[in-house]
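Accompanying notes for the structure given below.
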Amino acid sequence: MAEEKKYSAQYVREGYTGDDVQDGTVTDNSDDLQRHLGNRQIQLIAIGGSIGTALFVSVGGALNKGGPLGMLLAYTGYSCIIALVNNSMAEMASFMPVSGGFIRMAGHWVDESLGFMAGWNFFLYEALLIPFEITALNIVLRFWRDDIPVAAVCAAVIVLYGACNILAVKAYGEAEFWLSGGKVILILILYTFTFITMVGGNPQRDAYGFRYWSNPGPIPGDSSLARFEGFLGSLWAASFCIVGPEYISMVSGEAKRPRVYIKNAFKTVYWRFGAFFILGALCVGIVLPYNDPELISVIDSGEKSAAASPYVIAMKNLGINGLPHLVNALLITSIFSAGNTYTYCATRSLYSLAIEGRAPKIFRKCTKNGVPIYCFVVVMIFPFLSFLQLSKNSANVLTWLINIITAGGIINYIVMCGTYLAFYKACKAQGLDRKTLPYCGWFQPYGTWIALCFEITVVFVYGYSTFLPGAFTLESFFTYYTMVLLAPVTFFFWKLVKRTKWLKPHQVDLVWDAPLIDAYESSFVTPPVGFWTEMLQLIGLKRNVPVDKRVV
């Protein structure tokens, strides 16, 4: 059972103890998960969930297709769209920080069938990305040497993922805190490299500035159609790279003081989009031309190692030695962190399905540390797919599977937007003033409608190249659209089996776990601590400041 504390009913209600106290029991959650993730861990998990290998490696493909201007416009525009999604998700998750996040909200506030579809879509999306990251890790190691045993690396990474996730959630949070810190250091190094070298601080003493914006030019292509298709290529890359709200939503059920810390994590997403994705796209367009021969070579060969990173290519072009090795080492921590997060989210999404009756009840079993043990066991089967890379043909199958579920991420955002619109209408119908919520989204519901329409358009047209004359094959069609087809299948399957109904605004349960969450929040006797206070405590400063003390 979740960690239990005894509180007086009057203390929880009014904030003090008295003589006429009645003892009761308040749990952290209505399920068996435990709230052990502190502020600094949540903030770094939020950063780690936003930054993946695509920001360092795959961004080269976006540069090649859209050029520096097309890529910058694509990454800026898509960041704004996901910021609108984040604005919606922040309001819901701060108000109702439940296990399973947006998956369970979809079932409770829209339709049980939507929750079923969202849960299985997210589970498959996360679980199948784990072996992909392990495969990427092996490829990155080849930057140093080719004789590293692939099977040994796969086995070691699987063991480490298991160790990080089988222990209490606090162990996962601590591991992800340090791993995500490595990502931040890597980004700062690459930004510093960009600035110093563009003003002439390189072995060639070449102050190249924004040279590549004029030669070969801002956008490739000799016609308006070609340039527009190049921009679309950058936009599809951005839709794969720019993420974040879903990961904060998934940890909200295990976060301390979620009404404060989860809200703060969502609020920092906006500046992270600017600092990481928009600025990152600008830097890539500065350090490398879109027609660089080595960049084209690695894209054509499908190489995904650190050698394919536009930053590493730029370092080689400038004759800088040593720094590419540091980038590769930090890239390894970035890839490992991504797989670790996918393992956590896949486990929690399967658990959220089980507690709502959309997966077998056996998956509700948790250890005394609050880890869904059978969900964990099932999820740990998926990393073994990484051994398929031992056979070249089988590795192609793995790549095909990963391409299939790419649309799953966009479907997640469509579900979030649809759920928020139902939540907004329910608040209006039931007289709940949204301004009283921990986080009140701005420009609602118009911002959500904009994001929803945009994401629906993207999910249907991002595979448009399949339908070009002479390009259609069944393999390419299913690569792009399997998840798009699977989503309505799972939705209508559950609707037919369970005879579920689309909830009307006045039928939506806006109370749900709110009383329990309110009581949990009221159990703290010390004020919330800031992120930098906790960081200073790591090095021995401000140890006198109490952190998240609760009445017992």
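Answer yes if at least one residue in segment 464-476 is part of a loop (DSSP other than H, G, I, E, B), open to solvent by less than 60 Å² (accessible area, probe 1.4 Å) and among the hydroxyl-bearing types (S, T, Y), and no otherwise.
First, pick out the residues of segment 464-476 that are part of a loop (DSSP other than H, G, I, E, B): 468-473.
In the following step, the residues that additionally are open to solvent by less than 60 Å² (accessible area, probe 1.4 Å) were identified as 471.
Those left that are additionally among the hydroxyl-bearing types (S, T, Y): none.
No: zero hits.
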Quiz prompt | Count of segment 182-205 residues which are surrounded by 16 or more Cβ atoms within 10 Å (Cβ to Cβ) and not polar (S, T, N, Q) | solution = 9
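Per-residue answers, yes or no, for (1) crowded, with 21+ Cβ neighbours inside 10 Å; (2) in a helix (DSSP H, G or I); (3) touching a Pro at 6+ places or on another chain (Cβ under 8 Å); (4) without any contact (Cβ under 8 Å) to a residue 12 or more places away in the chain:
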position	(1), (2), (3), (4)
G319	no, no, yes, no
P324	no, yes, no, no
T333	no, yes, no, no
A338	yes, yes, no, no
T343	yes, yes, yes, no
S349	yes, yes, no, no
S352	yes, yes, no, no
G357	no, no, no, yes
F363	yes, yes, yes, no
Quiz item: Which residue pairs have Cβ atoms closer than 6 Å, lie 6 or more positions apart in sequence or on different chains, and pair a first residue in segment 204-223 that is on the phi > 0 side of the Ramachandran plot with a second residue that is surrounded by 12 or more Cβ atoms within 10 Å (Cβ to Cβ)?
Solution: G209/M198; G221/R227; G221/G230
Self-check item: Filter result for L141 (modelled with pLDDT under 80, aliphatic (A, V, I, L, M) and over 20 Å from E534 (Cα atoms))
Solution: no
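So is W236 without any contact (Cβ under 8 Å) to a residue 60 or more places away in the chain and of a type in the set (F, W, Y) or not? If you could, list the steps in order and put the result at the bottom.
Working: without any contact (Cβ under 8 Å) to a residue 60 or more places away in the chain: no; of a type in the set (F, W, Y): yes.
No.
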Quiz item: V511 versus (1) in a helix (DSSP H, G or I); (2) without any contact (Cβ under 8 Å) to a residue 12 or more places away in the chain; (3) not acidic (D, E): which is the lone unmet condition?
Solution: (1)
Exercise. Report, by residue number, each residue of segment 415-441 that is surrounded by 20 or more Cβ atoms within 10 Å (Cβ to Cβ) and aliphatic (A, V, I, L, M).
Key: V415, M416, A422, A426
Quiz item: Any residue in segment 58-65 that is part of a loop (DSSP other than H, G, I, E, B), within 17 Å of V243 (Cα to Cα) and open to solvent by 10 Å² or more (accessible area, probe 1.4 Å)?
Solution: yes
Exercise. Quickly run through segment 146-176 and pick out the residues that are closer than 19 Å to S252 by Cα, open to solvent by less than 10 Å² (accessible area, probe 1.4 Å) and of a type outside the set (A, V, I, L, M).
Key: N165, Y172, G173, E176
Practice problem: State which residue pairs qualify: first residue open to solvent by less than 10 Å² (accessible area, probe 1.4 Å) and inside segment 76-87, second residue of a type in the set (V, I, T) in any location, beta carbons under 7 Å apart, and separation of 6 or more residues or different chains. | Solution: Y78/I242; S79/I242; S79/I278; I82/I242; N86/V269
Quiz prompt | Extreme residue, farthest from A106 (Cα to Cα), among residues of segment 464-479 that are in contact (Cβ under 8 Å) with a residue 24 or more places away in the chain and either touching a Phe, Trp or Tyr at 6+ places or on another chain (Cβ under 7 Å) or not aromatic (F, W, Y) (or both) | solution = E475
Practice problem: For segment 216-229, state whether one or more residues are in a helix (DSSP H, G or I), of a type in the set (K, R) and loosely packed, with under 15 Cβ neighbours inside 10 Å. | Solution: no
Quiz item: Are any residues in segment 442-458 surrounded by 15 or more Cβ atoms within 10 Å (Cβ to Cβ) and under 18 Å from F231 (Cβ atoms), and if so, which ones?
Solution: F454, E455, V458
Quiz item: Can you find even one residue in segment 367-375 that is of a type outside the set (S, T, Y), at pLDDT 90 or above, part of a helix (DSSP H, G or I) and buried (at least 22 other Cβ atoms within 10 Å of the Cβ)?
Solution: yes
Quiz item: Of (1) at pLDDT 70 or above; (2) open to solvent by 30 Å² or more (accessible area, probe 1.4 Å), D19 satisfies all except one. Which?
Solution: (1)
Quiz prompt | Number of positions in segment 477-499 that are at pLDDT below 90 and open to solvent by less than 40 Å² (accessible area, probe 1.4 Å) | solution = 5
Quiz item: Filter segment 166-224 for residues that are within 30 Å of L33 (Cα to Cα) and of a type in the set (S, T, Y); which is modelled with the highest pLDDT?
Solution: S180
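Could you pull out the residue among F240, F195 that is of a type in the set (F, W, Y), more than 30 Å from S349 (Cα to Cα) and out of contact with any Pro (no Cβ under 8 Å at 6 or more places or on another chain)?
Working: F240 fails: more than 30 Å from S349 (Cα to Cα).
Unique residue meeting the criteria: F195.
Restricting to segment 230-247, give me the number of residues that are over 30 Å from E176 (Cα atoms) and open to solvent by less than 50 Å² (accessible area, probe 1.4 Å). Write out each step before concluding.
Going residue by residue through segment 230-247, those that are over 30 Å from E176 (Cα atoms) are 230-233.
With open to solvent by less than 50 Å² (accessible area, probe 1.4 Å) added as a condition, the list becomes 230, 232-233.
Within segment 230-247, residues that are over 30 Å from E176 (Cα atoms) and open to solvent by less than 50 Å² (accessible area, probe 1.4 Å) number 3.
Hey, any hits in segment 182-190 for a residue that's part of a helix (DSSP H, G or I) and touching a Cys at 6+ places or on another chain (Cβ under 9 Å)? Can you show your working first?
Residues of segment 182-190 that are part of a helix (DSSP H, G or I), as a first pass: 182-190.
Next cut, touching a Cys at 6+ places or on another chain (Cβ under 9 Å) only: 190.
For segment 182-190, residues part of a helix (DSSP H, G or I) and touching a Cys at 6+ places or on another chain (Cβ under 9 Å): present.
The values are calculated or read from the model by the stated rules, or taken from the named source; none is laboratory data. From a predicted model like this one, the values you see are computed outputs, not experimental measurements. Counting neighbours? That spans all protein chains shown, and the Cβs are built from the backbone with ideal geometry, glycine included. Just the protein is used for accessible areas: all its heavy atoms, side chains included, with ligands, DNA and RNA removed. Shrake-Rupley method; radii C 1.70, N 1.55, O 1.52, S 1.80 Å.
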